[in-house]
Every structure is written in C-alpha cells, then in structure tokens.
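The structure under discussion appears below in the form of structure tokens.
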Amino acid sequence: MNLLISIMIPTRNEPAVESLISKIKNVMKPLNIEYSILAVDKSDDNTQDKLRTLGIKVLVQKSIGLGGAIVEGLKASQGDLVFVMDADLSHDPKFIPSFIEKSKEGFDVVVGSRRIEGGEVIGWGLYRKMVSGIANFIGRLGSGLKISDITSGYRLYSKTVIESLDFQDFKTSGYAFQIEVLSEVMNKGFRIGEVPIIFNDRAEGKSKLSKKDIFEFLMTSVRLGFRRFVRSLS
C-alpha cells in the first residue's frame, strides 16, 4: 500500500514560510513518498498569494487561535500520516524521516521532543526555558502524560487517531490545545512516541505566545488533572 503524507502548517503572518516550503520539498524528494502540503492561513498580509504561487493548497482559517487552525487542518488533511509543524523554521523538516520511522514502530502519534537525548533548544533565554520547563512539569502532572515534551507542536498523527477524535468536545483554542489533544489520544488507548528534534528559535516574525495562552494552558492542566482524579474514583 502506498503511503500518503500530509504536511499541515498554520501560517498566520509568518514571513519565513517560503523558505520552509523549499526545505520541505528538499527533504521529501529523496524519500520517494507521495505527499501534499496544506497551509491553514488567517494572515493580514500577502501570505496566501505567496503560498498559492508556490503551488501550495491554502485553507482559509475560519476559527480562532492556533488550536483552531490545527483542528481545521487535521480535518482537511487526507494523508495516512499527518504532520503538524510551525511555519517559522523552528521545526526543521530534516527530522521528518525520523518521525516516519518512529510511526512504523507502531506509534499512533509521534512528538518531536526537545527534552530527550539528542534534542536541543537553540536561541532561548533563561525566562523562556523556565516557562517551558514549568509548563511541561505542570502539564504532565495534570494530564498523566508520560512523554517528555508535551508542549511541542512538531507532531505526526495517524489518520486513525484523527478520525477517532471528536474535536467539538475540545475546550481550548490556543497553545493549550497541544496538551488537550495528547490527553485525549492517551485516554483512547493510542500509543504516543517521541523523537529528538533540535528546536531553533524563530529568526523572523513575532511569537504568538501570550500571557492568556499561558494561563489557558495552566487551567487546562488543572482541568485534566481533576478529570483524572474523578475517573480514578469511579
């Protein structure tokens, strides 16, 4: 059976997206695997025109937030395996083959981890590292997830996982979606694996992580923890 790969990229106001597309094509060409790239965009610049000029399919985002963009993209992707990656070059396409190989070991979701051997973060200051570390600790504590990097957005989902999720039940629209979806995947009994990635802080554009996103992430962790506690009593 021929494998079809979908690569989904939220591209709102991301100036480096053309460079990312070029890198993806260079990585995918020698793999001899059928693939497609889908951009989910809500930009207020000419990003959509640039993407269409490159022959990339563009889905105009109707929802709000990063979580909303990911949900719309996952629903629209047709691949047997669906990648989700940031458009700011922080997620290097050179790691795509290692995700695919990990999925062949029977993992339904593969997360690119900055926190296991071989993983690394380049360009973050102490504050950003502290925020990420605390978020991962609290998120794992609340959700019960055992993987090292639950906040990483560089992921590979199997079509089976996507079709099993009822996205209408999700309560988050921002970065907290990353932990909520993994929690649901775990609760459904799917296998979650990790591969090391080197994460490079963005060189262009501005981070969309806000204090509101951080608060939503913390509250989501608490909510998932409470739900786990209630389930343990039944």
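The values are calculated or read from the model by the stated rules, or taken from the named source; none is laboratory data. Predicted, not measured: the structure shown is a model, and the values here were computed from it. Because the Cβ atoms are built from the backbone with ideal geometry, glycine has one as well, and the counts that use them run over all protein chains shown.
So which strands (runs of 3 or more DSSP E) stay within region 40-152 end to end and still have 1 or more residues that are within 14 Å of the chain's Cα centre (by Cα)?
Those strands (runs of 3 or more DSSP E) span 81-84, 109-113.
Restricting attention to region 182-234, which residues are under 17 Å from G153 (Cβ atoms), in contact (Cβ under 8 Å) with a residue 60 or more places away in the chain, in contact with a helix residue (DSSP H, G or I) (Cβ under 6 Å, 6 or more places away or on another chain) and small (G, A, S)?
Correct list: G193, S221.
Applying the selection to region 16-39, what residues are part of a loop (DSSP other than H, G, I, E, B) and either in contact with a helix residue (DSSP H, G or I) (Cβ under 8 Å, 6 or more places away or on another chain) or small (G, A, S) (or both)?
A16, I33
Yes or no, residue by residue, for (1) among the aromatic types (F, W, Y); (2) out of contact with any helix residue (DSSP H, G or I) (no Cβ under 7 Å at 6 or more places or on another chain):
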residue	(1), (2)
S98	no, yes
G118	no, yes
I122	no, yes
M130	no, yes
F137	yes, yes
R140	no, yes
K146	no, yes
L156	no, no
S164	no, yes
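From the list G153, G112, G79, G119, pick out the single residue that is touching a residue at least 40 places away in the same chain (Cβ under 8 Å), in contact with a strand residue (DSSP E or B) (Cβ under 9 Å, 6 or more places away or on another chain) and more than 28 Å from D41 (Cβ to Cβ).
G119
Please specify each residue of region 163-182 satisfying the condition of being modelled with pLDDT of 95 or more, farther than 19 Å from R114 by Cα and either among the polar types (S, T, N, Q) or in contact with a strand residue (DSSP E or B) (Cβ under 8 Å, 6 or more places away or on another chain) (or both).
S164
Looking at the structure I just gave you, is T160 outside any helix (DSSP H, G or I), under 22 Å from L81 (Cα atoms), of a type in the set (S, T, N, Q) and at pLDDT 90 or above?
No, not satisfied.
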